[in-house]
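S.K.: Attaching a single structure in structure tokens format; questions to follow.
We did not get these values from a lab; they are worked out from the coordinates using the rules stated. Because the structure is a prediction, the values reported are computed rather than measured. Every residue, glycine among them, receives a Cβ derived from its backbone with ideal geometry; neighbour counts consider all protein chains shown.
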Amino acid sequence: MKHAAPTRTLLALYTAMVAFVLIAPTVVVIPLSFTDKASLTFPPSGWSTRWYENFFNDPAWTAAFGNSLTVALIVTVVATAAGTAAAVGVSKWSRKRMAKAAQMFLLAPIVVPSIILAIGVYAIFLRLQLLGTLPGFVLAHSVLAVPFVLVSVSAALAGFDDRLTTAAASLGADRWTTFRRVMLPLILPGVVSGALFAFVTSFDEVVLSIFIKSPYLETLPVKMYASVTRDTDPTIAAAATMIMLLTTVIIAVGLLSMRRKKIA
Amino acid sequence: MSSTLSNAVRPDDGVDPTMRPGRLRPRRDAQAPARRGRLGPALLILPALALALGIFAYPLAESMWRSIADPQPGVQNYQWFAASAANWAVLGRTLWVAFLSAVICLALAYPYAYFMTISGPRLRTALIVIVLIPFWTSLMIRSFAWIILLQDTGLANQVLSWMGLGPFHLIRNTTGILIGMVQVLLPFMVLPLYSAMKNVDLRLVQAAASLGARPIVAFTRVFVPLAMPGVVSGSLLVFIQALGFYITPALLGSPSQMLISQYIYVQVNGQLQWGRGSVLGVLLLVATLLLLGLLALLMRKSRRAAGDEGGLL
Amino acid sequence: MPDKTPGAGTRIDVKNVTKRYAKSTAVDDVSLSIEPGEFITLLGPSGSGKTTTLNLIAGFTELTHGSIEIDGQRVDHVPAHKRGLGVVFQHYALFPHMTVAENIAFPLQQRKTPKAAQAALVASVLQTVGLAGYQDRFPKELSGGQQQRVAFARAMVFNPRALLMDEPLGALDKNLREKLQLEIKRIHQDVGRTFVFVTHDQEEALILSDRIAIFNNGRIEQVGTSADLYERPASLFVARFMGESTVFKAQVSSNGSDWHMDFHGSTLHGPVTSTVPGKGALVLRPEQLRVAESRADAPAGSAAVPVQVIQNIYLGSGHKYELRLPDGSTGIVRTPLTERTSLRPGDSAYVHWPAHQGVLLEDNDLVSTT
């Protein structure tokens with residue numbers, strides 16, 4: 001559409017302002033993590049890496065970081081396996097109505113406000129003594145991660161030509177071989193991006209984690225949450241920067257691997 | 001299988017099968033009966049289903065049950081909710097904050113999405129990336145960052161005082177909650193808006209001009225109504241999510257002006273009033289599901305409208 | 001309703017107009033005078049600049065150089081909504097969220113026509129295009145042809161100074177297209193407005209237009225009546241684009257009153273009427289040519305060239321021959337039934353014509369056809 005120059009300039013300025021609002025909080029954390037003062041003032045007056053040293057020297061932070069990594073990695077495996085199987089099942093199930101209903105049910109955990117889920121899970125885990133345990137965290141995070149795997153694998157399956165499995169069967173391949181040699185390679189980009197989403201979902205999860213943590217086992221976001229509400233210590237900025245770096249690297253790697261896959 | 005193949009493509013009848021694409025179609029349907037009744041694929045769903053039943057459906061059911069059974073069976077928790085003005089205030093505040101979030105998001109996102117549709121491919125890609133950045137920055141980090149920026153001695157107040165304004169209290173109140181929520185929810189407004197706007201046929205705006213409409217008239221009478229599905233679904237998405245937000249209000253809001261999710265936390269974790277917390281949860285759940293149903297209905301309607309158009313062409 | 005006084009049309013002058021984009025020139029120094037009440041067609045292959053020219057007149061595109069005048073007034077910096085021109089778009093551009101009546105009333109609302117008058121005008125124009133009773137339908141509930149009529153009604157209802165149409169029939173099937181062509185022609189005669197029509201279909205251009213402007217590579221090759229373009233093409237491009245032709249290419253020499261060319265051993269000649277090109281291309285229409293089985297069968301004094309028959313097609317009204325010329329190019333001849341031959345594919349024959357016929361043009365093909 002044609003626009004008079006002033007209209008366009010105004011729009012561009014407004015857009016720049018909105019873009020700034022979108023980026024600002026992401027950007028502000030990084031310089032803050034390199035401040036030399038023990039206060040959260042921005043912009044920092046001097047620079048140091050002491051808060052990174054502090055992070056790695058404080059067993060509470062490193063333990064939380066280690067727990068987060070462990071939980072997220074196990075969740076990635078569990079959710080990717082369960083989610084991929086479910087996506088294939090939904091797409092192959094001939095009773096379309098049932099399949100659709102099952103899919104909607106499996107997606108429900110991400111549309112229900114997590115606080116509601118959190119109090120329910122808290123009550124159940126309390127009874128089953130799963131609070132503050134690794135299996136507890138893995139189960140709770142997996143429920144939230146499976147929907148992302150399901151969505152991204154389903155999208156990949158939508159582009160998959162069903163006749164290929166028939167063709168493979170006619171060539172003598174059993175079902176598992178057909179899946180492994182024909183279907184999986186073709187839907188791999190969807191599986192990989194689902195796995196990345198699963199990892200990030202678990203690694204970032206706060207609300208459920210706040211309820212199911214214990215003093216003996218907590219994840220990094222829980223520790224950060226506690227730190228924000230209690231201390232005013234820039235170590236949290238260092239932690240935030242590292243989380244951001246980690247998720248960015250994971251997502252970039254995922255995007256790159258998918259692009260390579262496409263070119264090949 | 002072989003019979004369906006020969007039905008679909010019979011080389012001996014002398015007609016080039018590619019000339020009759022209609023006859024190739026029955027192939028898929030013809031396979032269906034063979035598959036029907038086989039439960040194999042359904043078994044693949046079981047692990048995920050078990051997980052969702054155990055860690056999603058069961059806890060939700062537990063919550064709902066507790067709303068009428070804790071500490072003793074009865075509707076006393078619902079009576080407690082209805083009787084207290086403070087409870088209604090929390091509910092009202094939550095709806096109001098969600099509504100304001102949606103309105104502010106719309107005001108910010110509409111020009112942004114519109115600018116995306118009229119800018120070149122490179123700038124557009126940059127704007128999409130900027131919208132997606134919040135998606136991969138954790139909620140915690142962003143709420144934390146807002147605390148830094150908005151605190152009384154923060155950058156925002158420094159800039160304001162440099163302009164001769166303030167200082168204002170920008171966190172620990174509804175302003176803080178709104179700023180934080182809007183930033184988090186903005187992508188959910190921009191993306192549906194953009195996808196609706198880019199589907200608007202800009203030749204229609206040209207047509208309006210040729211019929212004598214001033215640019216502002218062409219925009220409001222042609223472009224705006226055609227992009228309306230994006231406004232509706234974006235606003236509903238933002239509103240629904242804003243209702244259930246916990247982290248942002250907990251960090252940027254004030255304990256004296258709680259939203260419903262904070263109130264749930266306080267009831268359950270602070271006062272061990274499981275029944276009351278559950279009542280609040282049930283209310284939040286019902287509101288969310290109703291709005292989701294509305295969203296699904298509207299989306300199906302607009303999809304059907306679009307489908308009809310495609311069908312005639 | 002549109003003013004039905006004949007000759008109440010508007011004059012449009014396109015003067016040395018150029019439209020340049022970052023990497024290409026869409027319209028290159030085009031000048032065109034459109035007479036009041038005229039039906040003019042901008043004809044050319046896709047990408048030739050005809051639609052861009054229409055968009056420049058309509059005001060959808062800003063020009064780079066030149067000027068556009070409507071009734072003597074410069075309008076090239078007047079925005080589209082103030083030019084008062086009706087436009088019918090290629091894909092109709094009906095507003096999907098408005099009913100037929102709302103679509104048609106839209107331009108009247110912009111002109112603050114009183115409500116009652118609006119309703120009357122909408123009803124009357126719907127009657128004209130044969131869609132009375134359809135006013136409450138939405139565009140998607142109409143067939144392609146009906147949508148086209150609504151688009152036409154909407155562009156006409158406010159009595160525009162001229163009507164611009166961009167391939168309005170392009171999306172319709174052949175039968176409907178032919179029917180609507182006749183309707184458009186009838187409406188043009190009834191309302192006496194200036195019509196500017198864009199198409200890539202030369203047959204459509206011949207049926208509709210008073211004059212045709214042939215576009216090629218962003219320039220106008222020739223403007224004229226159908227007969228001008230067919231009988232006196234100004235360039236090889238026009239000759240080929242307007243109907244079938246046979247082209248004989250060779251070096252040309254001139255003695256002042258006559259030109260000569262040696263076409264693979266056959267001497268062709270004619271009277272000099274304009275500048276004689278060095279590399280010549282003699283263009284003949286299929287009806288101007290005849291086929292003979294031997295040189296002796298051709299009338300004395302006629303020009304004749306030996307050929308090989310590729311096809312001899314019986315058309316009912318006559319015969320159509322496809323011939324291989326000595327330079328390898330293809331010639332086309334149409335003869336009436338009275339001049340039947342027994343020629344079969346592969347036979348040798350002669351193509352001949354009265355020596356003064358044909359149009360001698362410059363051979364500006366970049367690659368020779370041999």
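S.K.: Cα-based Rg (one decimal) and Dmax (whole number) for segment C:124-225, in Å?
M.R.: 14.6, 46
S.K.: Express in % the proportion of alpha carbon pairs of segment C:76-146 at distances exceeding 13 Å.
M.R.: Numbers: 1729 of 2485 pairs.
Taking all Cα-Cα pairs of segment C:76-146, the fraction more than 13 Å apart is 70 percent.
S.K.: Report the far tail of the P(r) of segment B:90-171, meaning the percent of Cα-Cα pairs longer than 18 Å.
M.R.: Pairs farther apart than 18 Å: 66 percent.
S.K.: Additional query: Based only on Cα atoms, what Rg/Rh ratio does the protein assembly as shown have, Rh being taken as Kirkwood's radius?
M.R.: Rounded to two decimals, Rg/Rh equals 1.09.
S.K.: Kindly give the semi-axes, whole Å and largest first, of the ellipsoid equivalent to segment C:244-362, taking each as the square root of 5 times a Cα gyration tensor eigenvalue. Each step should come with its number before you reach the end.
M.R.: Numbers: eigenvalues 131, 36, 33 Å².
Working through the eigenvalues yields semi-axes of 26, 13, 13 Å.
S.K.: So, one more: Going by a ≥ b ≥ c, the root eigenvalues of the Cα gyration tensor, does segment A:11-86 fall in the rounded group (a/c under 1.5), the prolate group (a/b larger than b/c) or the oblate group?
M.R.: Because a/c hits 1.5 or more and a/b fails to exceed b/c, segment A:11-86 counts as oblate.
S.K.: Residue C:174: which lysines have alpha carbons under 29 Å from its alpha carbon, excluding same-chain residues fewer than 8 sequence positions away?
M.R.: C:50, C:140, C:185, C:320
S.K.: Divide by every residue of the protein assembly as shown the summed helix terms, -39500 (n - 2.57) for each DSSP H run of at least 4, and state the resulting mean residue ellipticity at 222 nm, rounded to the nearest 500 deg cm²/dmol.
M.R.: So the calculated ellipticity at 222 nm is -17500 deg cm²/dmol.
S.K.: Sticking with this structure for a sec: Choose one of C:274, C:46, C:346: the residue whose Cα lies farthest towards the positive end of the charge dipole of chain C (beta-carbon charges +1 Lys, Arg; -1 Asp, Glu; about the Cα centre).
M.R.: Most positive-ward Cα: C:46.
S.K.: Give me Rg over Rh for chain C, both radii from the alpha carbons and Rh done the Kirkwood way, two decimal places.
M.R.: Result: Rg/Rh = 1.07.
S.K.: Still on this structure: In terms of Cα to Cα distance under 28 Å, which lysines are near enough to residue A:37, apart from those fewer than 8 places away along the same chain?
M.R.: Straight-line reach from residue A:37, under 28 Å: A:223.
S.K.: Could you give the alpha-carbon Rg of segment C:12-231 over 2.2 N^0.38 Å, rounded to two decimals?
M.R.: Details: Rg = 17.2 Å, N = 220, 2.2 N^0.38 = 17.1 Å.
Expressed relative to 2.2 N^0.38 Å, the Cα Rg reads 1.01.
S.K.: A follow-up question, please. Measure out, as a whole number of angstrom, how far apart the alpha-carbon centroids of segment C:148-223 and segment A:7-50 sit.
M.R.: 59
S.K.: Across bins of 10 angstrom width beginning at 0, how are the C-alpha pair distances of segment B:86-299 distributed, in whole percent?
M.R.: 8, 27, 31, 21, 10, 2, 0
S.K.: Does segment A:19-155 classify as rounded, prolate or oblate by the C-alpha gyration tensor (a ≥ b ≥ c root eigenvalues; a/c under 1.5 gives rounded; else a/b over b/c gives prolate, otherwise oblate)?
M.R.: Judged from the Cα gyration tensor, segment A:19-155 comes out prolate (a/c at least 1.5, a/b above b/c).
S.K.: Let me ask something else about it. For a quick size check, give me the Cα extents of segment A:49-94 along its three principal axes, largest first, whole Å.
M.R.: 60, 17, 9
S.K.: Please label the shape of segment A:156-251 as rounded, prolate or oblate, based on the square roots a ≥ b ≥ c of the eigenvalues of the alpha-carbon gyration tensor (a/c under 1.5 means rounded; beyond that, a/b larger than b/c means prolate, else oblate).
M.R.: Since a/c reaches 1.5 and a/b is larger than b/c, the shape of segment A:156-251 is classed as prolate.
S.K.: Let me ask another. Can you pull the percent of Cα pairs in segment A:50-263 with separation above 30 Å?
M.R.: 33
S.K.: From the backbone phi of segment C:161-173, what are the Karplus-calculated ³J(HN,Hα) couplings (6.51 cos²θ - 1.76 cosθ + 1.60, θ = phi - 60°) in whole Hz, Gly and Pro given as x?
M.R.: 5, 7, 10, 9, 10, 9, 6, x, 9, x, 8, 9, 7
S.K.: Put +1 on the Cβ of every Lys and Arg and -1 on every Asp and Glu Cβ in chain C; which of C:89, C:299, C:65 then has its Cα farthest towards the positive end of the dipole?
M.R.: C:89
S.K.: Whole angstrom only: what separates the Cα centroid of segment C:286-356 from the Cα centroid of segment A:67-93?
M.R.: Cα centroid of segment C:286-356 versus Cα centroid of segment A:67-93: 77 Å apart.
S.K.: With θ set to phi - 60°, apply the Karplus curve 6.51 cos²θ - 1.76 cosθ + 1.60 along segment A:22-38 and write out the HN-Hα couplings as whole Hz, x wherever there is a Gly or Pro.
M.R.: 5, 8, 2, x, 5, 7, 5, 5, 5, x, 4, 6, 9, 5, 9, 9, 8
S.K.: While we're on this one: In whole Å, what are the extents of segment B:32-127 along the principal axes defined by its C-alpha atoms, from largest to smallest?
M.R.: That gives 63, 61, 22 Å along the principal axes, largest extent first.
S.K.: Restricting the count to DSSP beta bridges whose residues both fall in segment C:12-231, what percent are antiparallel, rounded to a multiple of 5?
M.R.: 50
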